[in-house]
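Worksheet: the structure to be examined is printed underneath.
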Amino acid sequence: VQLQACGGGFVQPGGSLRLTCTASGVEYSIHHMGWFRQAPGKQRELVAIIVSGGEKAYGPSVKGRVTISSDRAWKTVSLEMNNLKPEDTAVYYCNYRTIMNEHWGQGTEVTVSS
C-alpha cells in the first residue's frame, strides 16, 4: 500500500488546516485508516481514525477541534483541523491498517506558530 499525504504547512494559532491521504495498491480489506502525529521528543499519538464500520475515534488532545472523514471506497481519508494550537505542531502520519497488515505514510509537517 502506498500512502500519499498532503495539506501540511504553517498556520497561525486559531487557524485551520485540512490534511488528505490517498491510498493505492490496497490488497486486503480495511480495518481502519486515519492519522497519528509525533511532536519532537514525544511519542507518536492518535489524532483520529475511522473504522471500516464507520465509527470514529479521536485523541483526547484534539477532540472537538478535528473531524475525520473518508470516501466510500476507503481510498482517501481527510482530517479537518480547526482552532489549531502551538501544541498541535508535529509531523502527522497517515495510517492504513488492513485485516492483514499496517502501513504508514511518510509524514507531513504541521507548524502552528505566531
#### Entry: Computed over segment 1-100: relative contact order in percent, which uses C-alpha pairs under 8 Å that are six or more apart
36 percent
### Query
Considering the chain, which cysteines have no disulfide-compatible partner, defined as another cysteine with its Cβ under 4.7 Å away?
Cys6
### Candidate lysines for bridging to Lys75, where Cα separation is under 22 Å - those fewer than 8 sequence places away on the same chain excluded
Lys56
### Query
Using θ = phi - 60° and the Karplus curve 6.51 cos²θ - 1.76 cosθ + 1.60, what whole-Hz ³J(HN,Hα) does each residue of segment 97-109 get, with Gly and Pro shown as x?
10, 9, 6, 10, 7, 9, 10, 10, x, 6, x, 10, 7
### Query
In nm, to one decimal, how far is the modelled label at Ser16 from the one at Thr76, with both set 7 Å along Cα→Cβ?
1.7 nm
### Message
Quick check of the Kirkwood formula: for the chain, what is the inverse mean of 1/r over all pairs of different Cα atoms, in Å?
### Response
14.0 Å
### Task
Rank these by accessible area, largest first, 1.4 Å probe: Met81, Met100.
Met100, Met81
### Query
When the Karplus curve 6.51 cos²θ - 1.76 cosθ + 1.60 is applied with θ = phi - 60°, which whole-Hz ³J(HN,Hα) does each residue of segment 79-84 get, with x for Gly and Pro?
10, 9, 10, 10, 6, 5
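The values are calculated or read from the model by the stated rules, or taken from the named source; none is laboratory data. Predicted, not measured: the structure shown is a model, and the values here were computed from it. We place every Cβ from the backbone using ideal geometry, glycine too, and count neighbours over all the protein chains shown. The area values use the complete protein model at the heavy-atom level, side chains included, leaving out ligands, DNA and RNA. Shrake-Rupley method; radii C 1.70, N 1.55, O 1.52, S 1.80 Å.
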